[in-house]
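**Student:** Here it is: the structure, laid out below.
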Amino acid sequence: MYAQMVKSTGTMKTREEMDEQERAFQDRIDRGEKIEPQDWMPEGYRKTLIRQIGQHAHSEIVGQLPEGNWITRAPTLERKAILLAKVQDEAGHGLYLYCAAETLGISRDEMTEQLHAGKAKYSSIFNYPTLTWADIGAVGWLVDGAAIMNQVALQRTSYGPYSRAMVRICKEESFHQRQGYSIMMKMASGTPEQRRMAQDALDRFWYPSLMMFGPSDKDSVHSAQSMAWKIKVSTNDELRQKFVDQTVPQAEYLGLTVPDENLTWNEEKGGYDFSEPDWQEFYDVLAGNGPCNADRMAARRTAWEDGAWFRDGLVAHANKRAAQRMAAE
Ligand code: BYC
């Protein structure tokens with residue numbers, strides 16, 4: 001498999017091409033050892049982790065926006081409290097992930113600058129709007145469902161701080177997925193209008209959720225190297241397949257229809273055959289041309305600028321305390 005991956009990308013070093021330090025590092029990975037911040041690592045490993053963890057952190061933060069949109073309009077006090085808690089959890093996930101990335105020698109400010117300059121990505125899914133309350137159900141059920149599918153696997157990633165951050169994130173994401181499904185159950189068993197909203201939300205979020213796993217394996221640029229370094233432990237297509245297999249029965253239970261005429265159970269492979277998302281749409285969204293890209297980035301930049309006085313205050317306070325401590329010593 002390793003040799004095949006080398007062949008498929010042509011960019012990875014073969015064992016013979018690695019120097020002694022790189023070979024010893026690969027051996028540690030192959031033995032399933034965790035890599036810790038103070039350990040030696042190839043520059044490519046460090047950069048790949050910063051890219052992936054940074055994007056993941058940005059996704060958590062930008063992901064607050066479509067859901068935050070509904071906090072003031074949640075239908076009951078209970079639903080509002082649950083949604084508030086969920087959106088706050090996402091901020092916490094962002095923090096754990098920024099901290100994990102910081103152990104690799106990049107600051108949170110630098111990562112934020114990369115996001116605002118359009119150099120770092122965040123998940124494509126958050127460039128779609130949440131138009132109705134049912135969309136909040138669909139986001140919890142499908143978007144958090146897809147996120148968990150990926151993140152459960154990432155608990156076994158080779159970089160210690162990332163893998164440990166994932167353990168806690170996964171616990172909270174399970175609650176998020178359940179709250180989304182609970183909204184969908186309510187809507188799907190409600191009035192004909194509520195049912196229609198639930199189906200419409202599934203129709204609009206199905207393919208964007210499939211895109212969350214990234215391009216198909218044959219087009220994925222980073223998968224081969226990331227798999228060899230065990231930064232990724234499953235490929236994009238493997239996770240997408242698992243997600244479909246898990247989610248279709250859940251849609252059936254709700255009495256909703258997955259918007260895919262080609263969806264059929266394949267006895268031989270023990271999973272569903274399904275239609276690929278529109279990859280042109282995916283790349284358009286990545287290029288900044290999705291329905292909400294401009295709004296999302298504008299909201300993040302404004303939040304950053306509006307928070308400058310608070311960050312300055314924190315730094316001034318920390319400097320003052322440090323000066324007091326030094327004077328007392
Ligand atoms: N959106 O070679 P590939 C969440 C980019 S949920 C945007 O396969 P890789 C949350 C990719 O970065 C989501 N960009 O890349 C849920 C690369 O571009 P660059 C967060 C995407 O890295 C609910 C290019 O396409 N989860 O947090 O091996 C509420 C080629 O792709 C996407 C994670 O981030 C996409 N969907 O695999 C709140 C999980 N897909 O970097 C929050 C961690 C691909 O060369 N990340 N690209 O410019 C991963 O597991 C991997 O980075 C991916 C992509 C599977 C996403």
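The values are calculated or read from the model by the stated rules, or taken from the named source; none is laboratory data. All figures in this text were calculated on a predicted structure; none of them were measured in a lab. Here the Cβ is made from the backbone with ideal geometry for all residues, glycine too, and neighbour counts use every protein chain on show.
**Student:** Could you tell me whether P129 is more than 25 Å from I231 (Cβ to Cβ) and away from the ligand (no atom under 11 Å from the Cβ)? Explain how you work it out, then say what you get.
**Tutor:** Values: more than 25 Å from I231 (Cβ to Cβ): yes; away from the ligand (no atom under 11 Å from the Cβ): yes.
Answer is yes for this residue.
**Student:** Applying the selection to segment 60-71, what residues are in contact with a Leu (Cβ under 9 Å, 6 or more places away or on another chain), within 10 Å of the ligand (Cβ to nearest atom) and not hydrophobic (A, V, I, L, M, F, W, C)? Steps first, please.
**Tutor:** Taking segment 60-71 first, the residues in contact with a Leu (Cβ under 9 Å, 6 or more places away or on another chain) are 60-62, 67-68, 70-71.
Narrowing further to those that are within 10 Å of the ligand (Cβ to nearest atom): 60-62, 67.
Once the filter is applied, which keeps residues that are in contact with a Leu (Cβ under 9 Å, 6 or more places away or on another chain), within 10 Å of the ligand (Cβ to nearest atom) and not hydrophobic (A, V, I, L, M, F, W, C), segment 60-71 yields E60, E67.
**Student:** While we're here: Going residue by residue through segment 96-119, is there one that turns out to be outside any helix (DSSP H, G or I) and within 18 Å of the chain's Cα centre (by Cα)?
**Tutor:** yes
**Student:** Pairs under 9 Å by beta carbon, first residue surrounded by 11 or more Cβ atoms within 10 Å (Cβ to Cβ) in segment 1-27, partner modelled with pLDDT under 50 and among the hydroxyl-bearing types (S, T, Y), six or more apart or different chains?
**Tutor:** If the second residue must be modelled with pLDDT under 50 and among the hydroxyl-bearing types (S, T, Y), the pairs left are M12/Y2; R15/Y2.
**Student:** Ok, one more. If you go through segment 185-218 one residue at a time, how many are more than 10 Å from the ligand (Cβ to nearest atom) and in a loop (DSSP other than H, G, I, E, B)? Even if it seems obvious, please write down each step before you answer.
**Tutor:** So the first thing to find is which residues in segment 185-218 are more than 10 Å from the ligand (Cβ to nearest atom), and the list is 185-207, 218.
Those still in the list that are in a loop (DSSP other than H, G, I, E, B) too: 189-191, 218.
So the count comes out to 4.
**Student:** I need every pair where a residue in segment 107-128 that is modelled with pLDDT of 95 or more has its Cβ under 9 Å from the Cβ of a residue that is assigned to a loop (DSSP other than H, G, I, E, B) and among the charged types (D, E, K, R), sequence separation at least 6 or different chains.
**Tutor:** E113/K119; L115/K121
**Student:** I'm trying to understand the selection: among the residues of segment 267-298, which are among the aromatic types (F, W, Y) and more than 12 Å from the ligand (Cβ to nearest atom)? Give the derivation first.
**Tutor:** Step one: of segment 267-298, the residues among the aromatic types (F, W, Y) are 272, 274, 279, 282-283.
Within segment 267-298, Y272, F274 meet the criteria.
**Student:** A further question on this structure: For residues that are assigned to a helix (DSSP H, G or I) and more than 8 Å from the ligand (Cβ to nearest atom), scanning just segment 142-155, find the one that is surrounded by the most Cβ atoms within 10 Å (Cβ to Cβ).
**Tutor:** The selected residue is L142.
**Student:** Related question: Considering (1) more than 17 Å from the chain's Cα centre (by Cα); (2) among the β-branched types (V, I, T); (3) closer than 29 Å to G32 by Cα, say which one T132 fails and leave the rest.
**Tutor:** Condition not satisfied by T132: (3).
**Student:** Run down S158, S163 and say which single residue is out of contact with any Ser or Thr (no Cβ under 9 Å at 6 or more places or on another chain) and more than 8 Å from the ligand (Cβ to nearest atom).
**Tutor:** S158
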